[in-house]
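Asks: Below is a structure I'd like to ask you about.
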Amino acid sequence: MSKKDKDVTNLIDPNDFSICKSTVSMIEKARKDGVLLNFDRAAGMKACPIGADSACCKHCFMGPCRMNPKTPYDRVGVCGASVDTIMARNFSRAVAAGSAAHTDHGMAMLELFGDVVKGRNTDYSIKDPDKLVDVAESIGIEVKDRDLGEIALDLYYELERTYTQVDGEIPFMKRVPEKTLELWRKLDIVPRGAMREVMEMMHRSTMGVDQHYANITKQASRTALSDGWGGSMVSTEISDILFGTPSPVQVGVNLGVIKENMVNIIIHGHEPNLFESMIVSVNDPSLVDAAKKGGAGGINLVGMCCSGAEMMSRHGIPHAGNFSSTEAALVTGAVDAMGVDIQCIKQGLSDVAACYDTPLITTNTRCQLEGAEHIQFDEHEPLKCTEEIVIKAIGRFKNRKHRIEIPKEVNQGVHGFSYEYIKYMLGGTFRGGFAPLNDNIINGRIRGVAGVVGCTNPRVKQDYAHVELVKELIKNDVLVLQTGCSQIALAKAGLTTPEAAHLAGHGLREVCETVGMPPVLGLGSCVDNSRILVAASEMVRVGGLGDSLADLPVAGCAPEFMSEKAIAIGQYFVASGVFTVFGVTFPIIKETKFYKHLFEELEELGMGKWGHSKDPFEMARMMIAHIDKKRQQLGIDKARDRVLMDMETRRALNE
Ligand code: XCC
């Protein structure tokens, strides 16, 4: 730790960094150990004020050109680019990068699926044939009286178009409500293959090409839609088919899931194939035996971030914490190996792991870290990599030499609410469907639905905005759907249990208690935001809540986002018709044309729009106001003013 770092760590109370007690205690321990974590790094480095407002263009080498965020229109770049062009370019490139990340992840899943269905890979198999048939049917593949292998092969080739298709609409457009799709056609934003959309986005935002902020935004919408309704959706659906569709499972979440007497292995990243193989390796009797011979009680496999959220939902694997806590987990001194694949892997992990002699192992050609060991994960020999990680972890356990301090907190909760399960939960095997949800929205017990998703960000108090926002929403009868690191924040706050229904408003509480569900439903990882799109489309299909996604009384929020992926998600929700609020910061200058375009004009075009606030209570107010506006437009706002009648009054009315 440098002197400057020490000055920062002396000044700031770790309780200002997080409401997660276990993470706070690890920040304290790290400081004593002389180790710098992301929180202190953020405190020690102010965000660049020009970049924060997106007032800098560095897409060519006549610049970088800096605008003045206070007087944005008093100058232009060397090429003449206006501040609106510059902000739109920066924004759209974030959308392209985020979409590329999700779609590349989805493509890797599809590639594995292709190998399985073509018989080239026998280490994996189809775990959910019903889902295979459902997905195939949903995009028009003939399934009746056909062999499962044939359907799977057709599905593979059809979904490949999600990435490679040069022209025409991608397969999952068949799931989009007709009126929404019509609007996209009219606006010319129906996505073609993601490769084409990302490529065109990068092209159009380079020097001297697209220089109208509205036209750049149009391509940003099309690119983002190729992610949400394309790459991300393929990832969710194929992962369910290969590894099983989640259904509710009770899981422990928080740093207390790390156990002192066990060989602890953390898997962190995004693609489930590494994690699936790791489950096999940690259950290998010879490796369990080796761990025990080394003095351990056994092997403890734990997840973090999104692959953790996915495995928690699908298999009930304990989860140690969200993005801001990944370095903190290593500070326990009890992590014997951390295996990572892609996305949200902070380079800082490398230094922190070195301080505690924890093997940090990268496994994917697309993501290597200086200072980390690389063991390539090969789907054709998956156990080779994962067994090696286990062996390294056992070796580290036997030679543990650092003081161990593991926070006690473990929060039990229920996770794994896939779209399919919600459907079943609401109506049972024979009458499964979304009609009870729509009915309860129409009768006003449920005011509306909110998707609260996304990252944590060490620039704001970890988990605070997620938790306060969600509490405020459920108190106001808004059912909350969650994914990613936000879901982990609420799990740690104890809101993913059916008992949390007592924190909900009267109407939502009644529904939760009848069904036996929490007021906060965890759907999985960030690519699983596609489950929210599918659920919303089903709400439109069932009827009574308008004809397009934009008609629904729903809103979205990423209160503590940090990743470009979140911007891509936000834009595909907005383009799909959802009012979407972001916290922390928004890379834009207020009172500019581009600001007006994102925050007002997109809605006037028939889509959703963006909102921004740093304050969770203000976020809730904005989202609820939007939901109420939609209720009013649907003519169901009166339903909420229910009058409770006693039997006598009822009888009098019936007479
Ligand atoms: Fe954000 Fe996805 Fe990363 Fe968590 S892991 S920090 S993108 S919420 Ni997906």
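Asks: Testing ILE50 on (1) assigned to a helix (DSSP H, G or I); (2) buried (at least 19 other Cβ atoms within 10 Å of the Cβ), one condition comes back false. Which one is that?
Replies: Here ILE50 clears every test but (2).
Asks: Please work out if ASP40 is surrounded by 22 or more Cβ atoms within 10 Å (Cβ to Cβ) and among the acidic types (Asp, Glu).
Replies: Yes, satisfied.
Asks: Turning to a different aspect of this structure: Pick from LEU508, LEU523: which is within 16 Å of the ligand (Cβ to nearest atom), of a type in the set (A, V, I, L, M, F, W, C) and over 19 Å from TRP610 (Cα atoms)?
Replies: Selected residue: LEU523, the only one of LEU508, LEU523 that is within 16 Å of the ligand (Cβ to nearest atom), of a type in the set (A, V, I, L, M, F, W, C) and over 19 Å from TRP610 (Cα atoms).
Asks: Has region 490-510 got at least one residue that is touching a Pro at 6+ places or on another chain (Cβ under 7 Å), on the phi < 0 side of the Ramachandran plot and among the β-branched types (Val, Ile, Thr)?
Replies: The answer is yes, given that some residue of region 490-510 is touching a Pro at 6+ places or on another chain (Cβ under 7 Å), on the phi < 0 side of the Ramachandran plot and among the β-branched types (Val, Ile, Thr).
Asks: For region 480-499, enumerate the residues that are in a helix (DSSP H, G or I) and either in contact (Cβ under 8 Å) with a residue 24 or more places away in the chain or within 16 Å of the ligand (Cβ to nearest atom) (or both).
Replies: GLY484, CYS485, SER486, GLN487, ILE488, ALA489, LEU490, ALA491, LYS492, PRO498, listed by residue number.
Asks: As an exercise: evaluate LEU644 against (1) buried (at least 21 other Cβ atoms within 10 Å of the Cβ); (2) at pLDDT below 95 and give the number of the one condition it does not meet.
Replies: (1)
Asks: Another question about this same structure. All but one of (1) more than 30 Å from PHE323 (Cα to Cα); (2) surrounded by fewer than 24 Cβ atoms within 10 Å (Cβ to Cβ); (3) among the β-branched types (Val, Ile, Thr) hold for THR497; which doesn't?
Replies: Result: THR497 passes all but (1).
Asks: Six or more apart or on different chains, Cβ under 6 Å: which pairs go from a residue in region 121-139 that's at pLDDT 95 or above to one that's part of a loop (DSSP other than H, G, I, E, B) and among the aromatic types (Phe, Trp, Tyr)? Could you list them?
Replies: Pairs found: none.
Asks: Considering only region 85-104, I want to know if a residue exists there that is more than 20 Å from ILE589 (Cα to Cα), within 24 Å of the chain's Cα centre (by Cα), surrounded by 24 or more Cβ atoms within 10 Å (Cβ to Cβ) and of a type outside the set (Gly, Ala, Ser).
Replies: Yes, that holds for at least one residue.
Asks: Looking only at residues that are crowded, with 24+ Cβ neighbours inside 10 Å and not polar (S, T, N, Q) in region 305-316, which one is farthest from the ligand (Cβ to nearest atom)?
Replies: ARG314
Asks: Can you spot a residue in region 215-227 that is outside any helix (DSSP H, G or I), closer than 30 Å to MET311 by Cβ and in contact with a Phe, Trp or Tyr (Cβ under 8 Å, 6 or more places away or on another chain)?
Replies: no
Asks: Taking region 510-550, which residues are in a helix (DSSP H, G or I), over 16 Å from ASN443 (Cβ atoms) and in contact with a Lys or Arg (Cβ under 7 Å, 6 or more places away or on another chain)?
Replies: Passing the criteria: CYS526, VAL534, SER537.
Asks: Every residue in region 373-390 that is under 28 Å from LYS29 (Cβ atoms) and either in contact with a Cys (Cβ under 7 Å, 6 or more places away or on another chain) or surrounded by fewer than 21 Cβ atoms within 10 Å (Cβ to Cβ) (or both), please.
Replies: Residue satisfying the conditions is GLU373 alone.
Asks: Pick from VAL302, VAL288, VAL280, VAL352: which is over 17 Å from GLU373 (Cα atoms), over 18 Å from the mean Cα position of the chain (by Cα) and surrounded by 24 or more Cβ atoms within 10 Å (Cβ to Cβ)?
Replies: From the options VAL302, VAL288, VAL280, VAL352, the qualifying one is VAL302.
Asks: Contact list please: Cβ distance under 7 Å, first residue in region 211-230 and within 17 Å of ILE588 (Cβ to Cβ), second residue basic (Lys, Arg), pairs at least six apart or on different chains.
Replies: Between residues of region 211-230 that are within 17 Å of ILE588 (Cβ to Cβ) and residues that are basic (Lys, Arg), the close pairs are TYR213/LYS593; ILE216/ARG89; ILE216/ARG204.
Asks: Residues that are away from the ligand (no atom under 16 Å from the Cβ) and either assigned to a helix (DSSP H, G or I) or over 27 Å from LEU545 (Cβ atoms) (or both): does region 446-462 have at least one?
Replies: no
Asks: Taking region 255-275 as the search range and keeping residues that are within 16 Å of the ligand (Cβ to nearest atom) and assigned to a loop (DSSP other than H, G, I, E, B), which one is nearest to GLY297 (Cα to Cα)?
Replies: GLY269
The values are calculated or read from the model by the stated rules, or taken from the named source; none is laboratory data. Nothing here was measured: the structure is a model prediction, and the numbers come from that model. Don't worry about glycine lacking a Cβ; one is built from the backbone with ideal geometry, like all the others, and counts go over all protein chains shown.
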